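What follows is a single structure, written as structure tokens, with notes after it.
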Amino acid sequence: VVSTQSTCFPVMFTILIDGIDKQSRNYVCSVLFNCTAWNGSQALQELITTDEGKAIVRSGVGLCEQPNCLEWAQLFVEGLICAERFIQVFEICEGTPQLLTLLEILEEKIRTSPTPMKKELFGEIESAVPVTTFLFLAKTMAHNRQHIIDMATGKEGVEGSAVTVRILHLLANVTGLFEQYDRIAANTPFLECAVKILNEINSVEPIKFDREKYEAGPEGGKFAIRKELIRIISNMCCKRRNHQDKVRHLGGIQTILSHCNPYIMEWSIFALRMLLEGNEENQEIVKGLKALGKVSELDARKIGVL
């Protein structure tokens, strides 16, 4: 049905998917899913390479917005992700509201187990998100390093904060899924990039705790980027001696120690425990800072170093 030789595609599909009739839009997404949710599909190639096809992809992603997400639209987009087309869809949606929706779909897919229906539609193995998806997001983070630093330090005129924080949040989640995505958690250049970004953020704007502002209301959103970077570092250092050592060599232990305040205390303490577990050299750094009065006894107890 979906081919360049059919008069239905793309004109009729574009009209129906952008129409007001909900059932018609759902039917179109059902046809698109069945014609594109597998590698080698001609229809899939047409969708991601032609202007008309890209418009249909954006419309399909838009139909996944909560709370009015269409079931077949969600399956259509998930099919593109599972067919290793996330990168193309990301680029198609870049600069539009649909990009945030795409990232939300991806997050839900890695957070929830596939339903029996999805296992039947995708297959047991094919229902998983390809690791290349997250390698791409890690490269995106590295490429946008200065943008992330500018956002975290409050530089004026910086846009795209919601997308950036969502990408970091996704990477923080996936680095904790050791069994499924060990290639991400074991990626040393990615860890190095995360530590250097956190170091530079703290160098430009050292974290300071203001009790009056804290008691006046939550300010945690200001530190969302720092929190996600610390989560990434803690996950990637869990039972990985080479990564623990890498963070020490980059000066990351001191940076994370400086974040042990009420804003992101929980994640900082957890990261330090991962960094110090079974690593005497890292433990000695914290002990040395404690002796100099740069680490409180209470924080040392929480970390597990006395």
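The values are calculated or read from the model by the stated rules, or taken from the named source; none is laboratory data. What you see is a predicted model; the values in this text were computed from it and never measured. Glycine also receives a Cβ, built like all others from the backbone with ideal geometry; neighbour counts cover every protein chain displayed. These accessible areas exclude ligands, DNA and RNA; they are computed on the full protein's heavy atoms, side chains included. Shrake-Rupley method; radii C 1.70, N 1.55, O 1.52, S 1.80 Å.
Against the empirical 2.2 N^0.38 Å (N residues), region 112-196 has a Cα radius of gyration ratio of 1.31. Taking 7 Å steps out from each Cα toward its Cβ at Arg273 and Glu91 produces label points 4.3 nm apart.
Our coupling estimate for region 250-258, obtained by passing each phi through the Karplus curve with A = 6.51, B = -1.76, C = 1.60 and θ = phi - 60°, is 8, x, x, 4, 4, 5, 5, 4, 5 Hz, Gly and Pro reported as x.
Pairs exceeding 19 Å between alpha-carbon atoms, taken from Lys196/Lys246; Lys22/Lys119; Lys54/Lys139; Lys139/Lys196: Lys22/Lys119; Lys54/Lys139.
Rolling a 1.4 Å probe over the protein heavy atoms gives region 38-150 an accessible area of 46 Å² per residue.
Divide the volume of the convex hull of the Cα atoms of region 47-176 by its number of residues and quote the answer in cubic angstrom per residue.
119
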